[in-house]
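J.: For reference, the structure I am asking about is given below.
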Amino acid sequence: MSTVRRPDHRSAHRPARAVHANGLRHVLTHLITPLLMCIGMGLAYLGAFAHPAPHQLPVAVVGSGRSAQLLAQSINDKAGGDLEVRTVGDRAAAVDRLKHQDIFGAYVIPVEGAQGVKGAADAVDVSGAEGQGPSGGAGRSGEVGASSGSGGSSTSRESGGSVGRDGGGGAARSGKPVPELLVATAGSDTSATVVQKVFTPIAAQQGAPLKVTDVAPTAEDDPTGQGVFFLLVAISIGSYASVAVIGGAGAVLPLRLRTALAIGTSFVVGLIGTAFAGPAFHLVDHGLGGLWGMAWLYSAGVLLIGTGLHTFLKRWTTLGVMTLFVMLNFTSSGGIFRPEMQNGFFAALHSFWNGAGFVEGVRSHVSFDGYGLAGHVWTLVGWLIAGLVVIGVAALAEKRRRTAAAEAAAHATAVAAAAVAATVPEPARSGRSARGAEAGAGRRSANAAPVLEEKRYEEVAEAVGV
């Protein structure tokens with residue numbers, strides 16, 4: 001009696017389960033990249049921006065008498081290293097230092113108020129930028145132009161060294177000298193806000209309103225001066241996103257063509273950034289040619305480094321370029337908080353990172369008469385040279401890979417030929433050899449036939465007497 005076997009459904013599902021397991025493993029492996037991006041972005045942005053506070057922020061007290069030295073020393077003592085207060089002889093020298101970004105605020109003591117500075121430093125508040133957001137606006141910690149205590153403050157703009165309009169209260173209108181705070185918001189709006197927060201209570205302690213004069217104002221359509229930072233963000237995204245396309249879709253192309261594509265793309269990205277800065281949003285009102293040059297240098301450095309790294313990092317390239325040009329770059333650029341408002345790590349990066357070179361270079365070119373511009377441009381050139389070096393190393397690596405692949409292919413061909421030869425039967429080779437020998441004997445017989453025929457002819461001729 002035969003038994004009918006039922007199909008095993010578990011056996012039928014095993015291949016599908018194996019496929020699903022492999023697919024799940026593949027997805028989980030690739031999810032590591034975005035999770036690392038999440039961790040990196042959180043550490044970078046919160047580490048750089050969460051608790052801004054001044055660290056040896058350079059400011060000045062303007063005056064040549066003992067009262068200025070006493071006030072500067074008192075503020076230094078109370079600040080405990082948060083501020084670096086120095087004295088400057090006169091107002092013109094203070095303006096010059098502000099435009100060279102040696103200092104970020106200068107408190108001009110009124111002549112009649114010089115006797116009242118003793119004890120004014122007791123009102124110093126150096127609690128930093130508490131309440132400030134990424135846009136640079138101040139929260140409850142003192143807004144530019146806000147009044148404090150019995151003394152108010154007002155902001156005026158100064159162009160070409162001329163004194164701004166008088167925004168003081170009744171004391172100023174009556175002709176009584178009032179303390180003046182000089183700032184340069186084009187260098188950093190957040191630093192200017194912190195400086196005003198420090199000196200407004202000092203003026204109030206002297207019973208006078210504080211007049212704030214901006215000696216290097218931002219563009220009219222960029223009141224916070226942070227438009228350059230967001231321009232950096234746009235150019236960076238256009239650059240490192242293009243790396244993924246050139247390295248991925250262009251992987252079949254020779255490295256020299258990928259390099260040419262990177263340089264050409266940086267040219268276009270620079271033009272787009274210049275259009276944003278000028279005609280589109282009026283972040284700058286002059287110097288667009290120089291801005292494009294710096295945008296091209298910056299973008300070319302990012303693209304060349306990313307294209308070269310793709311040879312080694314492959315699918316980890318996106319994480320690599322985001323670490324270099326987002327996590328460490330945006331946070332150290334000085335576009336939101338200057339290095340004097342950050343911890344030592346990001347302040348150190350600011351001195352040589354390419355984002356800082358672009359932001360500070362544009363500020364110098366547009367707002368500070370080109371002072372320090374050469375150093376920032378050389379920073380961008382250095383990153384471009386680094387990109388060319390990475391491309392060169394990648395070219396050597398790819399050449400070695402091609403040579404190794406060619407040698408491996410040749411070796412595989414030789415091994416295959418030897419394997420084929422080894423599989424031919426021995427009798428067959430013997431049969432072919434025998435047939436070859438017979439063919440050779442036949443050819444020798446054919447060649448010997450004319451010689452034999454000639455000998456017979458000679459014998460017959462001799463017999464008949466010919």
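J.: If you check Ala53 against the conditions, is it closer than 27 Å to Thr213 by Cβ and touching a strand residue (DSSP E or B) at 6+ places or on another chain (Cβ under 8 Å)?
T.: Taking the combined requirement at face value, the residue does not satisfy it.
J.: Name the single residue that is farthest from the chain's Cα centre (by Cα) among those in segment 208-231 being among the aliphatic types (A, V, I, L, M) and closer than 10 Å to Ala186 by Cα.
T.: In this case the residue turns out to be Val215.
Let's see how each residue does on (1) at pLDDT 60 or above; (2) within 30 Å of Asp285 (Cα to Cα); (3) open to solvent by 10 Å² or more (accessible area, probe 1.4 Å):
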| position | (1), (2), (3) |
| --- | --- |
| Gly142 | no, yes, yes |
| Thr155 | no, yes, yes |
| Gly187 | yes, yes, no |
| Ala219 | yes, yes, yes |
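J.: Is there a residue in segment 383-396 that is free of Cβ contacts under 8 Å to residues at least 24 places away in the same chain and outside any helix (DSSP H, G or I)?
T.: No, there is no match, as no residue in segment 383-396 is free of Cβ contacts under 8 Å to residues at least 24 places away in the same chain and outside any helix (DSSP H, G or I).
J.: So Leu261 passes all but one of these: (1) out of contact with any Phe, Trp or Tyr (no Cβ under 9 Å at 6 or more places or on another chain); (2) touching a residue at least 60 places away in the same chain (Cβ under 8 Å); (3) of a type in the set (A, V, I, L, M, F, W, C). Which condition number does it fail?
T.: (2)
Conditions tested, residue by residue: (1) at pLDDT below 95; (2) within 16 Å of Leu303 (Cα to Cα); (3) open to solvent by 20 Å² or more (accessible area, probe 1.4 Å).
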{"site": "Asp222", "(1), (2), (3)": "yes, no, no"}
{"site": "Phe229", "(1), (2), (3)": "no, no, no"}
{"site": "Val233", "(1), (2), (3)": "no, yes, yes"}
{"site": "Ser239", "(1), (2), (3)": "no, yes, no"}
{"site": "Gly247", "(1), (2), (3)": "yes, yes, no"}
{"site": "Ala251", "(1), (2), (3)": "yes, yes, yes"}
{"site": "Ile263", "(1), (2), (3)": "no, yes, yes"}
{"site": "Phe267", "(1), (2), (3)": "no, yes, yes"}
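J.: Quick one: what pairs do we get from segment 94-113, first residue closer than 12 Å to Ala60 by Cα, second assigned to a helix (DSSP H, G or I) and open to solvent by 60 Å² or more (accessible area, probe 1.4 Å), C-beta under 9 Å, 6+ apart or different chains?
T.: Asp102/Asp96; Ile103/Arg97; Ala106/Arg97
J.: Follow-up. Any residue in segment 22-43 that's of a type in the set (A, V, I, L, M): show its pairings with residues that are loosely packed, with under 11 Cβ neighbours inside 10 Å at Cβ separation under 7 Å, as long as the two are six or more apart or on different chains.
T.: From residues that are of a type in the set (A, V, I, L, M), there are no pairs.
Results for (1) at pLDDT below 95; (2) within 26 Å of Thr193 (Cβ to Cβ); (3) crowded, with 20+ Cβ neighbours inside 10 Å, shown as yes or no for each residue.
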{"position": "Thr307", "(1), (2), (3)": "no, no, yes"}
{"position": "Thr323", "(1), (2), (3)": "no, no, no"}
{"position": "Asn329", "(1), (2), (3)": "no, yes, yes"}
{"position": "Ser333", "(1), (2), (3)": "no, yes, yes"}
{"position": "Ile385", "(1), (2), (3)": "no, no, no"}
{"position": "Ala395", "(1), (2), (3)": "no, no, no"}
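J.: Can we say Leu288 is open to solvent by 10 Å² or more (accessible area, probe 1.4 Å), of a type outside the set (Ser, Thr, Tyr) and under 13 Å from Val228 (Cα atoms)?
T.: yes
J.: Looking at segment 356-369, which of its residues are in contact with a helix residue (DSSP H, G or I) (Cβ under 6 Å, 6 or more places away or on another chain) and open to solvent by 30 Å² or more (accessible area, probe 1.4 Å)?
T.: The one that is in contact with a helix residue (DSSP H, G or I) (Cβ under 6 Å, 6 or more places away or on another chain) and open to solvent by 30 Å² or more (accessible area, probe 1.4 Å): His365.
J.: Before we move on, is Ala295 without any contact (Cβ under 8 Å) to a residue 60 or more places away in the chain and within 25 Å of Thr274 (Cβ to Cβ)?
T.: So Ala295 fails the test.
J.: Go through segment 55-91 and give me each residue that's at pLDDT 90 or above, open to solvent by 60 Å² or more (accessible area, probe 1.4 Å) and closer than 17 Å to Glu340 by Cα.
T.: Once the filter is applied, which keeps residues that are at pLDDT 90 or above, open to solvent by 60 Å² or more (accessible area, probe 1.4 Å) and closer than 17 Å to Glu340 by Cα, segment 55-91 yields His55, Gln56, Glu84, Arg86.
J.: Could you tell me whether His51 is more than 18 Å from Gly105 (Cα to Cα), of a type outside the set (Phe, Trp, Tyr) and surrounded by 11 or more Cβ atoms within 10 Å (Cβ to Cβ)?
T.: So His51 passes the test.
The values are calculated or read from the model by the stated rules, or taken from the named source; none is laboratory data. Computed from a predicted model, the values in this text were never measured in an experiment. Cβ coordinates were reconstructed from backbone atoms using ideal geometry, including for glycine residues, and neighbour counts include every protein chain displayed. For accessibility, only protein heavy atoms count, side chains too; no ligands or nucleic acids. Shrake-Rupley method; radii C 1.70, N 1.55, O 1.52, S 1.80 Å.
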